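Participant: Here's a structure for you.
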Amino acid sequence: MADRSAVSTIAGYFYQFDRSILSILGLTGANDSVAIECIEDIDIHTATETTAVQCKYYEKSEYNHSIIKPAIMFMLAHYKAGLTADRPTIQYQLSGHFASGQDKLVLPFDIGFLKANFLTTTSKEKTVKKHEELGVSDAELEDFLKLLSIDVNAAKFDDQFQTIIESLAKQFGCSPFAAEFFYYNSALRVIKELAIEPGEALRVITRADFIKRIDTSSYLFDEWFIAKLGTAKYYRGLRNEFFATGVNVSPAERLFIIHAADDSYSRNTVKTLLKTISRKYSKLSKRDAKPFSPYVLLVGIDDSELAGLKQELHNEDVRFVDGYDFKGAQFDAGSISRPASYAAAGPALRLFCDLAEARQTFLSFQRSREIYEFYRSEPVEDFGDGAIRHTRFQIPKYEDIDKII
């Protein structure tokens with residue numbers, strides 16, 4: 001219920017952000033751009049014109065002229081100011097979605113309708129006519145109407161979102177899942193970053209720059225995306241896409257990189273996570289023709305804590321190797337990658353203590369290799385081998401990893 005409530009509360013923001021994403025993806029000229037939160041919610045700049053767009057989303061409300069009246073008054077004020085500032089002509093667009101009542105607005109309408117329904121406010125004390133207050137003549141109102149377009153039948157929230165996913169999937173040649181969880185997630189982050197930039201010039205972006213910025217190397221944990229989707233659904237989606245193999249997990253050299261250094265570090269939590277990874281990503285029965293077991297690299301844990309963790313794993317009969325066969329030994333990549341087997345000597349878990357050791361070992365393999373990295377702020381550097389599938393997931397707490405894998 002909490003997730004649904006959060007979505008309802010910020011639906012208008014998401015609708016506006018989604019419209020911004022669509023506007024950027026719809027640009028065609030190399031120098032065309034979109035400005036976020038400048039004149040209006042979205043300003044679209046092309047070689048021939050500028051269109052200032054304001055978005056309204058009232059999926060549970062009936063349309064009434066009063067709902068869009070303030071927006072039209074603002075647009076008229078901006079239009080009038082531009083006449084004296086000798087500013088290039090600007091098109092004004094109001095786009096809204098409503099539950100019903102759209103038939104109340106019959107287009108096109110004349111300046112009489114504009115004055116009566118959108119520019120006049122009446123109260124017990126007085127009647128205010130915005131056009132008179134601004135000193136706008138009838139001729140100027142006629143000109144303003146030519147620049148104004150109103151759409152009260154804009155796409156539904158879900159329909160607009162689906163259009164974005166289809167556009168992103170086409171742009172990047174990817175699956176709908178990747179379009180949503182990767183590119184759309186990243187797109188929301190970029191729009192949010194643009195919206196809070198202090199200067200208007202910094203809130204402008206071209207299509208090419210937008211595509212470049214959303215094509216990152218990680219599945220980012222963005223608060224807005226999670227608020228829309230819900231944390232549980234987000235984790236479930238990642239699990240279904242990457243880790244829902246169950247008993248059919250295929251043979252591969254798998255490395256899980258866990259960034260576990262934060263204020264909530266718990267040895268028991270990490271130990272339980274290691275056991276989960278070992279159990280789910282090992283095949284060590286007598287029936288397995290090609291037995292295998294996973295690798296784990298723990299990042300951010302000091303040597304003394306690693307020693308204590310390993311001692312507890314040993315005490316609890318977890319069959320692991322770390323590449324050090326005796327006290328004082330040098331790291332041995334051959335030792336940590338020894339064949340897995342049902343026998344007691346076959347490791348059920350391979351635990352790296354150092355990034356360089358993990359990189360050395362994995363670069364030596366000729367077999368299928370997969371890396372799954374879970375980080376909080378900064379991931380490790382790429383291993384430098386394009387044949388290694390390195391998938392990164394940004395998560396706020398390492399304790400949540402077990403909800404994904």
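The values are calculated or read from the model by the stated rules, or taken from the named source; none is laboratory data. Predicted model only: the values in this text are computed from it and were never measured. Note that we place each Cβ from the backbone using ideal geometry, even for glycine, and neighbour counts take in every protein chain shown. Ligands, DNA and RNA are stripped out before the accessible areas are found, and what is left, the full protein with its side chains, is counted by its heavy atoms. Shrake-Rupley method; radii C 1.70, N 1.55, O 1.52, S 1.80 Å.
Participant: Do we have Thr231 as of a type outside the set (A, V, I, L, M), touching a residue at least 24 places away in the same chain (Cβ under 8 Å) and closer than 19 Å to Glu316 by Cα here?
Facilitator: For Thr231, the condition - of a type outside the set (A, V, I, L, M), touching a residue at least 24 places away in the same chain (Cβ under 8 Å) and closer than 19 Å to Glu316 by Cα - is not met.
Participant: If you check every pair at least six apart or on different chains, which have Cβ atoms under 8 Å apart with a residue in the stretch 306-334 that is more than 16 Å from Arg350 (Cβ to Cβ) and without any contact (Cβ under 8 Å) to a residue 60 or more places away in the chain first and a residue that is open to solvent by 20 Å² or more (accessible area, probe 1.4 Å) and not in a loop (DSSP other than H, G, I, E, B) second?
Facilitator: Between residues of the stretch 306-334 that are more than 16 Å from Arg350 (Cβ to Cβ) and without any contact (Cβ under 8 Å) to a residue 60 or more places away in the chain and residues that are open to solvent by 20 Å² or more (accessible area, probe 1.4 Å) and not in a loop (DSSP other than H, G, I, E, B), the close pairs are Gly308/Arg267; Glu312/Arg267.
Participant: Still on this structure, I have one more. Among the residues of the stretch 287-339, write down those that are assigned to a loop (DSSP other than H, G, I, E, B) and closer than 17 Å to Thr276 by Cα.
Facilitator: Across the stretch 287-339, the qualifying residues are Ser293, Pro294, Glu316, Asp317, Val318, Arg319.
Participant: Determine whether Lys69 is open to solvent by 20 Å² or more (accessible area, probe 1.4 Å), among the charged types (D, E, K, R) and over 36 Å from the mean Cα position of the chain (by Cα).
Facilitator: Judged against the criteria, Lys69 is not a match.
Participant: Hey, another quick one. For the stretch 134-157, give me the residue count where each residue is under 44 Å from the mean Cα position of the chain (by Cα) and open to solvent by 40 Å² or more (accessible area, probe 1.4 Å).
Facilitator: Summing the residues that are under 44 Å from the mean Cα position of the chain (by Cα) and open to solvent by 40 Å² or more (accessible area, probe 1.4 Å) in the stretch 134-157 gives 10.
Participant: Sticking with this structure for a sec: It is to be established whether one or more residues within the stretch 257-271 are without any contact (Cβ under 8 Å) to a residue 60 or more places away in the chain, open to solvent by 20 Å² or more (accessible area, probe 1.4 Å), in contact with a helix residue (DSSP H, G or I) (Cβ under 9 Å, 6 or more places away or on another chain) and among the charged types (D, E, K, R).
Facilitator: Yes.
Participant: Conditions: (1) over 23 Å from Ala35 (Cβ atoms); (2) in contact (Cβ under 8 Å) with a residue 40 or more places away in the chain; (3) open to solvent by less than 40 Å² (accessible area, probe 1.4 Å). Ser167 meets all but one. Number of the miss?
Facilitator: It fails just one condition, (1).
Participant: Here's a follow-up. Would you confirm whether or not the stretch 188-199 contains a residue that is touching a Phe, Trp or Tyr at 6+ places or on another chain (Cβ under 9 Å), under 20 Å from Ile395 (Cβ atoms) and open to solvent by 30 Å² or more (accessible area, probe 1.4 Å)?
Facilitator: For the stretch 188-199, residues touching a Phe, Trp or Tyr at 6+ places or on another chain (Cβ under 9 Å), under 20 Å from Ile395 (Cβ atoms) and open to solvent by 30 Å² or more (accessible area, probe 1.4 Å): present.
Participant: Just checking, which of Val53, Val34 is in a strand (DSSP E or B), under 20 Å from the mean Cα position of the chain (by Cα) and buried (at least 17 other Cβ atoms within 10 Å of the Cβ)?
Facilitator: Of the residues listed, the single one that is in a strand (DSSP E or B), under 20 Å from the mean Cα position of the chain (by Cα) and buried (at least 17 other Cβ atoms within 10 Å of the Cβ) is Val34.
Participant: Quick one: is Gln160 at pLDDT 95 or above and either over 24 Å from Gly29 (Cα atoms) or open to solvent by 30 Å² or more (accessible area, probe 1.4 Å) (or both)?
Facilitator: No.
Participant: Filter the stretch 81-111 for residues that are farther than 12 Å from Leu147 by Cβ and part of a helix (DSSP H, G or I); which is least open to solvent (accessible area, probe 1.4 Å)?
Facilitator: Ile111
Participant: Among the charged types (D, E, K, R), in a helix (DSSP H, G or I), open to solvent by 20 Å² or more (accessible area, probe 1.4 Å) and modelled with pLDDT of 90 or more: is that true of Glu370 in this structure?
Facilitator: Spelling it out, it is not the case that Glu370 is among the charged types (D, E, K, R), in a helix (DSSP H, G or I), open to solvent by 20 Å² or more (accessible area, probe 1.4 Å) and modelled with pLDDT of 90 or more.
Participant: Specify which of the listed residues (Ala260, Ala252, Ala179) is small (Gly, Ala, Ser) and modelled with pLDDT of 90 or more.
Facilitator: Unique residue meeting the criteria: Ala179.
Participant: Scan the stretch 114-133 residue by residue and report those that are surrounded by fewer than 17 Cβ atoms within 10 Å (Cβ to Cβ) and in a helix (DSSP H, G or I).
Facilitator: Within the stretch 114-133, Ala116, Glu132, Glu133 qualify.
Participant: Exactly one of (1) open to solvent by less than 30 Å² (accessible area, probe 1.4 Å); (2) on the phi > 0 side of the Ramachandran plot; (3) of a type in the set (Asp, Glu) is unmet by Asp317. Its number?
Facilitator: Tallying (1) open to solvent by less than 30 Å² (accessible area, probe 1.4 Å); (2) on the phi > 0 side of the Ramachandran plot; (3) of a type in the set (Asp, Glu), Asp317 fails exactly one: (1).
Participant: Next question, about the same structure. Need the failing condition index for Thr216 against (1) within 11 Å of the chain's Cα centre (by Cα); (2) modelled with pLDDT under 95; (3) assigned to a helix (DSSP H, G or I), just the number.
Facilitator: Among (1) within 11 Å of the chain's Cα centre (by Cα); (2) modelled with pLDDT under 95; (3) assigned to a helix (DSSP H, G or I), the lone unmet condition for Thr216 is (3).
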